[in-house]
Amino acid sequence: AILMPPLLILTSSNRLVQNRLSTLQAWMSKTFTKQLMLPINFQGHKWASMLLALTLMLLSLNLLGLLPYTFTPTTQLSMNMALAVPMWLSTVLIGMRNQPTISLGHLLPEGT
C-alpha cells in the first residue's frame, strides 16, 4: 500500500509496447480521472491532472502515517488550510467568472 502512490506517478513514453508498470499506471490514471470527471462538464476536465496529483500526494502523505515512528503531515491544520483555501477560492472565482448568475443565486434563499 505504501509503494502504490509512487508507482502511479504519471510518466510519458513514446514506445508502442509498454511494460506492465506503464500499463498499470495508464489504467489507474484513466480509471481515476474517468470516475472523478464523470459529473463534471467538458470544461472542467482540464483540472484532471492537478486533482490526480493532489490526490496522489494526499494518499502518499496519509500512508506515511502507517509507518512506525513517523508523523502524518496532514494532521496539521496549517497544511490542510494551505491546500483547501486556494482550491476553494479558485472554484469560487472561476464560478463567478464563468457563470455569475448561478454563482450569485446560491447566496439567495431557496425559492426566491
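Points worth noting:
- Segment 33-69 - residue that is hydroxyl-bearing (S, T, Y) and surrounded by 10 or more Cβ atoms within 10 Å (Cβ to Cβ) and, of those, farthest from N98 (Cα to Cα): S60
- Search result, residues across segment 38-69 that are over 17 Å from W88 (Cβ atoms), at pLDDT 85 or above and in a helix (DSSP H, G or I): M57, L59, S60, L61, N62, L63, L64
- If you go through segment 70-112 and pick out every residue that is in contact (Cβ under 8 Å) with a residue 24 or more places away in the chain and open to solvent by 80 Å² or more (accessible area, probe 1.4 Å), you end up with 1.
The values are calculated or read from the model by the stated rules, or taken from the named source; none is laboratory data. Quantities reported herein were computed from a predicted structural model and do not represent experimental measurements. Here the Cβ is made from the backbone with ideal geometry for all residues, glycine too, and neighbour counts use every protein chain on show. Side chains are part of the model used for accessible areas, which takes the heavy atoms of the whole protein and leaves out ligands, DNA and RNA. Shrake-Rupley method; radii C 1.70, N 1.55, O 1.52, S 1.80 Å.
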